[in-house]
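Here the structure is laid out as structure tokens; the discussion comes afterwards.
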Amino acid sequence: MWKAVMTLILLSLGMPMATPPSTPTGERIRVLLSYQFGNLGFSDLYFFPALELQSLHVDFVVRSGSDLGHLSYSFAELPRRTVRFTVKDGKLVAQNATRSFDLGAVAVLEPLLPEDDEKIRYKLLSTKRGAVNPEYPGKLVLSIQEGKIAVVNDVSMESYLARVIPSEMPDTFHPEALKAQAVAARTYALARILAPPDQNRWKAYGADVDDSVNEQVYNNTPTVASTDAAVRATEGLVLLLGGVPITTNYFSTSPGFSANIEEVWPEKAPVPYLISRPQSDPVAAAPQNEAEWLAFFKNWNSTGFFDKESSLFRWKVTMSREELEAIFSKSLPERLKAFPEYTQTLEGLAPDTPNFSIGTLRELRVTKRAAGGYVVGLEVVGSNGRWQIRRESQVRFLLRPSKAYSGKDADIVLERINGRKTANFSSLPSAAFSWEEERDTAGNLLRLTIWGGGFGHGVGMSQFGADGLGKLGRSFEQILAHFYPGTELKKLR
């Protein structure tokens with residue numbers, strides 16, 4: 001059983017066995033639900049000003065109190081009846097069609113009968129996923145945060161995974177790739193459950209993960225038969241190293257190589273299974289210098305590469321010097337504010353200078369390229385100074401190919417290997433790229449064409465690569481062994 005195995009894992013980590021009733025055992029996971037998405041502050045993203053919902057299929061009850069350890073019955077509600085929760089005078093208040101109920105600081109909504117945990121669906125009327133109101137099984141835990149309502153979905157692990165897999169991987173992928181994704185997602189979730197509060201910020205809100213790309217996307221896409229089958233076929237299977245769940249990072253598309261975790265995220269320690277590996281058969285030799293990397297990214301012959309069916313296996317985008325000057329003059333101050341430790345002024349104007357501008361763009365320089373071709377250090381040289389950006393995500397969000405940053409009327413168009421063109425990407429698809437310069441007879445920069453490959457950070461399992469391996473006849477066990485070498489696949493119940 002999960003509980004017995006979790007006890008062994010906790011002992012191996014030197015963590016106490018005794019846990020309060022609210023602490024998850026591994027059979028369930030707690031997900032902080034987002035109120036909305038976008039470039040917003042934490043409170044606006046996660047906390048509901050008010051929460052309206054209906055139960056579908058079965059009755060539910062509400063218990064409330066000062067905290068999760070002191071709950072008492074408040075009321076019950078029938079299916080399809082709308083209940084509205086608000087905060088008043090530091091306490092939750094619930095109102096249905098006929099009555100108002102004064103609650104405590106915490107409320108738990110759960111099916112009237114415990115056996116209906118998988119059958120119940122709470123339809124949240126206060127938020128949407130796409131064009132629909134999302135529905136959740138299990139329990140909902142409401143608490144007051146900053147005068148608003150935090151909503152945590154307490155749900156069984158397998159039910160959680162049934163809503164993660166179609167949200168994270170196309171349901172049309174090969175069945176073995178879907179199984180590999182199910183194991184990776186289950187292992188990731190278990191590792192987050194076990195993570196102590198100082199390594200998991202969601203614990204402060206009574207959760208183990210959130211429902212966004214910060215962790216694993218949850219319930220953005222309805223469940224489908226193919227992904228449900230992958231979850232059932234791999235039930236209880238996780239990847240371990242030394243008896244402890246590994247960190248199963250994954251991403252969309254590799255450019256032909258994956259990346260080392262410590263190079264992509266400098267704050268992370270190296271681990272033996274999250275390493276740069278070729279993603280092709282026969283194995284491609286890694287380029288050794290900038291000229292070879294440019295030739296590699298300009299080669300749009302995808303034969304032999306596991307990720308070849310991704311439209312973003314190769315891509316390119318051309319931007320004029322004027323567009324780049326406008327983009328950098330906006331994105332450098334953003335990067336300094338977001339990650340000051342990875343943004344350095346080498347000379348000249350600091351990006352937090354009022355009305356900052358890089359002046360005339362003279363050149364870009366790669367200061368560090370990680371294994372697999374990912375640029376993790378980039379220098380911008382302008383007439384007003386020199387600036388260095390480090391970290392994979394920083395580089396991608398520095399080079400935003402979007403007219404929202406260029407200030408021009410014309411779209412900036414990114415072309416994919418399949419000929420599809422996408423206007424105004426919010427960031428570069430990946431940090432695996434090189435570029436060609438076009439200059440006038442006086443040597444002044446006119447424009448850059450960025451040639452790149454892949455989509456995502458490059459660490460761990462490439463999802464399109466997993467699909468490619470499945471189509472080559474590899475089992476999900478072999479796919480996982482390829483992307484997380486040296487780990488052990490084990491059934492925990």
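The values are calculated or read from the model by the stated rules, or taken from the named source; none is laboratory data. Source: prediction; values computed, not measured. Note that we place each Cβ from the backbone using ideal geometry, even for glycine, and neighbour counts take in every protein chain shown. Areas reflect the complete protein model, heavy atoms only, side chains present, ligands, DNA and RNA absent. Shrake-Rupley method; radii C 1.70, N 1.55, O 1.52, S 1.80 Å.
Taking the Cα centre as origin and putting +1 on Lys and Arg beta-carbons and -1 on Asp and Glu beta-carbons, what dipole magnitude results for region 228-314, to the nearest 20 debye? Before the final figure, lay out the partial values.
On the way: 6 positive and 10 negative charges, 25 e Å.
Approximately 120 debye in magnitude.
Excluding Asn96 itself, calculate the net charge of residues whose Cβ lies under 9 Å from the Cβ of Asn96, where each Lys or Arg counts +1 and each Asp or Glu counts -1. All intermediate terms of the calculation are to be shown ahead of the outcome.
On the way: positive: Arg81, Arg84, Arg99; negative: Glu77.
Here the charged neighbours net out to +2.
Can you give me the relative contact order of the chain as a percent, contacts being Cα pairs under 8 Å and 6 or more apart? Provide the component values of the computation, followed by the final result.
Values: 1113 pairs, mean separation 74.7, N = 493.
About 15 percent, as a whole number.
So how far, in whole Å, is the C-alpha centre of region 213-246 from the one of region 31-54?
That distance is 24 Å.
Based on Cβ point charges of +1 for Lys and Arg and -1 for Asp and Glu, what charge dipole magnitude is obtained for the chain about its Cα centre, in debye rounded to the nearest 20?
On the way: 55 positive and 55 negative charges, 62 e Å.
Dipole of the chain, to the nearest 20 debye: 300 debye.
How large are Rg and Dmax for region 365-480 when only the alpha carbon atoms are used, in Å?
Rg and Dmax of region 365-480, Cα atoms, are 17.2, 58 Å.
Carbon and sulfur atoms: what percent of the 1.4 Å accessible area of the chain do they account for? Let's see the in-between values first.
Values: 10510 of 20740 Å².
It is 51 percent, rounded to a whole number.
Positive end of the charge dipole of the chain (Lys, Arg +1 and Asp, Glu -1 on Cβ, about the Cα centre): tell me which of Gly407, Leu324, Pro255 has its Cα farthest that way.
About the Cα centre, the residue reaching furthest to the positive side is Gly407.
Sort Ser254, Ser43 by heavy-atom solvent-accessible area, probe 1.4 angstrom, most to least. Please list the in-between numbers first.
Values: Ser254 0, Ser43 20 Å².
Ranked from most to least accessible, the order is Ser43, Ser254.
Could you tally the net charge around Val132, taking each other residue with its Cβ under 13 Å from the Cβ of Val132, Lys/Arg +1 and Asp/Glu -1?
Working: positive: Arg121, Lys123, Lys128, Arg129; negative: Glu135.
Value of the local net charge: +3.
At 1.4 Å probe size, what's the solvent-accessible area of Leu92? Round to the nearest 10 Å².
Accessible area of Leu92: about 0 Å².
Which pairs in the list Lys203/Lys268; Lys179/Lys308; Lys139/Lys203; Lys119/Lys490; Lys91/Lys123 are over 26 Å apart, alpha-carbon to alpha-carbon? Walk me through the numbers before you get to the answer.
Numbers: Lys203/Lys268 20 Å; Lys179/Lys308 20 Å; Lys139/Lys203 17 Å; Lys119/Lys490 29 Å; Lys91/Lys123 23 Å.
Cα-Cα > 26 Å for Lys119/Lys490; rest within.
By per-residue mean of other Cβ atoms within 10 Å, what is the highest-first order of 61-67, 297-303? Don't jump to the answer; show the numbers that get you there.
Details: 61-67: 16.9, 297-303: 14.1.
Order by mean packing, descending: 61-67, 297-303.
Please give the peptides 175-182, 335-342 ranked by average Cβ packing (other Cβ atoms within 10 Å per residue), highest first, as a rough proxy for protection. If you can, show how the numbers build up before the last one.
Details: 175-182: 26.2, 335-342: 15.6.
Result, highest mean first: 175-182, 335-342.
Show me, bin by bin at 10 Å from 0, the whole-percent P(r) of the chain based on Cα pairs.
4, 18, 25, 24, 18, 9, 2, 0, 0
Taking Lys88 as the anchor, which lysines have their alpha carbon closer than 18 Å to its alpha carbon, excluding any fewer than eight residues away along the same chain?
Of all the lysines, those that pass the test against Lys88 - Cα under 18 Å, at least 8 places apart if same chain - are Lys148.
Nearest 10 degrees is fine. How inclined is helix 157-168 to the longest principal axis of the chain, computing both from alpha carbons?
30
Would you list which aspartates and glutamates come within 20 Å of Lys421, measuring only between C-alpha atoms, while excluding same-chain residues fewer than 8 positions from it?
Asp307, Glu309, Glu323, Asp409, Asp411, Glu436
Which value, in Å², gives the accessible area per residue of region 71-143 when a 1.4 Å probe is used on the protein heavy atoms?
Working: 3700 Å² over 73 residues.
Per-residue accessible area for region 71-143 comes out at 51 Å².
Which value, in Å², gives the accessible area per residue of region 317-379 when a 1.4 Å probe is used on the protein heavy atoms?
Values: 2760 Å² over 63 residues.
Normalised by residue count, the accessible surface of region 317-379 is 44 Å².
For region 244-385, I need the span (max minus min coordinate) of the C-alpha atoms along each principal axis, in Å, sorted largest to smallest.
50, 40, 25
Where the only charges are on Cβ atoms (+1 Lys, Arg; -1 Asp, Glu), what is the dipole of region 32-97 about its Cα centre, to the nearest 20 debye? Please report the intermediate quantities before stating the final value.
Values: 6 positive and 6 negative charges, 30 e Å.
Taking the Cα centre of region 32-97 as origin, the dipole is about 140 debye.
So for region 414-470, taking the charge dipole from beta-carbon charges (+1 Lys/Arg, -1 Asp/Glu), which of Ala431, Gln463, Gly443 sits furthest toward the positive end?
Looking along the dipole axis, the top candidate is Gln463.
Semi-axes of the equivalent ellipsoid of region 314-403: what are they in whole Å, largest first, if each equals the square root of 5 times a C-alpha gyration tensor eigenvalue?
Working: eigenvalues 72, 50, 29 Å².
Working from the Cα gyration tensor, I get semi-axes of 19, 16, 12 Å.
Counting only DSSP beta bridges with both residues in the chain, tell me the antiparallel percent, nearest 5.
Numbers: 95 of 100 bridges.
If we restrict to bridges inside the chain, about 95 percent are antiparallel.
Let me check I have the definition right: for region 80-179, take the eigenvalues of the Cα gyration tensor, multiply each by 5, take square roots. What are those semi-axes in whole Å, largest first?
Working: eigenvalues 189, 44, 34 Å².
Semi-axes, largest first: 31, 15, 13 Å.
In region 394-493, which GluC sites (Glu not before Pro) are in a loop and have at most 15 other Cβ atoms within 10 Å, using DSSP for the loop call? Could you put the intermediate results ahead of the total?
Working: sites: Glu415, Glu436, Glu437, Glu438, Glu477, Glu488; in loops: none.
Qualifying residues, ordered by number: none.
May I have the pair-distance distribution P(r) for region 236-305, computed from all Cα-Cα distances with 10 Å bins from 0 and rounded to whole percent?
Whole-percent P(r) values from 0 Å outward: 16, 40, 31, 11, 2.
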